[in-house]
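The numbers here are math on the coordinates, done by the rules we state, and not lab data. What you see is a predicted model, and the numbers here were worked out from it, not measured in a lab. Cβ placement follows ideal geometry from the backbone for every residue including glycine, while neighbour counts extend to all protein chains displayed.
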Amino acid sequence: MIMIISFLIRIIYVLNTDVGQRQHDLGYATSLSDELVNPGHLGYVEYIAKFHKLPDFDPFSIFSYYHPPLHHVIAAIFVDVAHSFGISEPKVYEFIQLPTCIYGCIGIYIVYRILKLISPDTKHICLPLALVAFHPGLIYMCGTVNNDMLAAMMSFLCIYVTLLWIYKGHSFRHLIYMALCIGIGLISKMNVAVLIFPMGLIMLLHLISSFKAHRIAACIKEYVVFALIALPIGLSWSVRNILRFSVGPGISSATPESNQYLGSYPLDEIIGLPVKSSVSFPFHSENAVYCHNAWSILFKTSLFGEIFPENIGYGALMICRFAFITAVILGFICFILSITLPIIRIRRGDKDTGVFLLAGYVSVLITYILFVIKYPYTCSCDFRYVPTSLIYAAISLLPLKQPDHQ
């Protein structure tokens, strides 16, 4: 019932959300019949749908084209199919939200499978599943034009198949699934790379144990196959851009003159504790003058996206304040549990699961902080960059029990 209701919420949200509402780096489209190349994620999808090819120019020369193309290719197919059935422009671009909504629904099912794998007793997974299924940030992402939801789904899938590999005796079949998931994830969006460290660490631990069990040769052969699958897929976009345009992987960002720039503020104010002033008006303004604390922006955008309702009523404002305070408190509790419970798992003998969960959660936090420091803008603090943290929060709410690794 939790999953079904969450699916319905997502479908209703997408049906009532225009392709131009609550978007990130949207850009614009003109027509599928002209020769114009337009910026933003909408322009990126339009380009592929219009010319039926990947960009044949430096992807950093036009905004948002530097992103790996998997989502945009899938979205372009939906646009082309809808257009072939007589859907006129600009309504045809609304079909970009259809695959994004599908990613979101599949993502919730994957979360269910993760929780079920760790805690087979269904009664224990209702609260953790509800946390993810009804989380506002993930619902907003189902209506976006960009690749955030696909990246989140692939991140969830990477966690699931790695846990399967751990629980099912490190089978070669599940290792292949891991290679496919991380490879496909990397051509969805670069931030899926955060899972390379926990996945690689748990593979390293298995390699060490294989050495002790005199299975080192077989393990190395399996890892070679893993690399032969994951690397060509995951690095294909970056290698293409290096060979054809001599540009390496990265992102394009604003300049220090932008009103989103955080670099002029002290580091302790940027990554310190959420500021009290956020409680009085818990909505995100892109202007760093109003809020330049990354954690405050993270919670604001996770609850309300990037809306800034200047004329909100007092009653609604009080509810939003309460929601913000509750989110911060729950976030802090889940932070403590996501650190301590994996350590307890390790001490109780469930080393692989504990190490994987702890390394994954710490990797998400550290890479988020480093990302904000390297690209010091308010947009860098958005929740959409760390939806994977919800998985670890949900798992932290499960009862601590030795799993069956059979």
Open item on the list: If each DSSP helix of 4+ residues adds -39,500 (n - 2.57) and the sum is divided by the residues in the chain, what number results at 222 nm, nearest 500 deg cm²/dmol?
Closed with: -19500 deg cm²/dmol
Task: Globularity ratio of segment 1-146, using Cα Rg and 2.2 N^0.38 Å - done: 1.19
Task: Contact order relative to length of the chain, as percent, for alpha carbon pairs under 8 angstrom and 6 or more apart - done: 18 percent
Open item on the list: With every atom except the alpha carbons ignored, what do you get for Rg and Dmax of the chain, in angstroms?
Closed with: 21.6, 69
Task: Nitroxide proxy distance, nm - points 7 Å out along Cα→Cβ at I77 and L235 - done: 2.6 nm
Task: Local electrostatic count, H292, Cβ distance below 13 Å [Lys/Arg +1, Asp/Glu -1] - done: -2
- [ ] Quick one: Debye curve from the alpha-carbon atoms of segment 157-249 only, equal weights, vacuum; give me log10 I(q)/I(0) at q = 0.20, 0.21 Å⁻¹ to two decimals.
- [x] -0.93, -1.00
- [ ] Please arrange W295, W165 by counting, for each residue, the other beta carbons lying within 10 Å of its beta carbon, fewest first.
- [x] W295, W165
- [ ] Please give every one of the lysines within straight-line cross-link reach of K91, meaning a C-alpha to C-alpha distance under 24 Å, and leave out same-chain neighbours fewer than 8 residues apart.
- [x] K50, K53
Task: Ranked by how many other beta carbons lie within 10 Å on average, peptides 195-201, 297-303 from highest - done: 297-303, 195-201
Open item on the list: When 1/r is averaged over all different Cα pairs and the result inverted, which Kirkwood radius in Å belongs to segment 257-406?
Closed with: 16.6 Å
Open item on the list: Around F211, under 15 Å between beta carbons, what's the net of Lys plus Arg minus Asp minus Glu among the other residues?
Closed with: +2
TODO: Arrange the peptides 218-229, 61-72, 144-155, 365-376 so that the one whose residues have, on average, the most other Cβ atoms within 10 Å appears first.
DONE: 144-155, 61-72, 365-376, 218-229
TODO: Give the cross-link partners of K116 among the aspartates and glutamates, using a straight C-alpha distance below 18 Å as the criterion and excluding same-chain residues fewer than 8 apart.
DONE: D350, D352, D404
Task: the chain: most fluctuating residue of G169, G27, G360 per GNM, C-alpha cutoff 10 Å - done: G169
TODO: Arrange the following residues from fewest to most other Cβ atoms within 10 Å of their Cβ: T100, T340.
DONE: T340, T100
TODO: Provide the gained length on full extension for the span D268 to A193, in nm with one decimal, where the gain is 0.36 nm per separating residue minus the Cα-Cα distance.
DONE: 24.3 nm
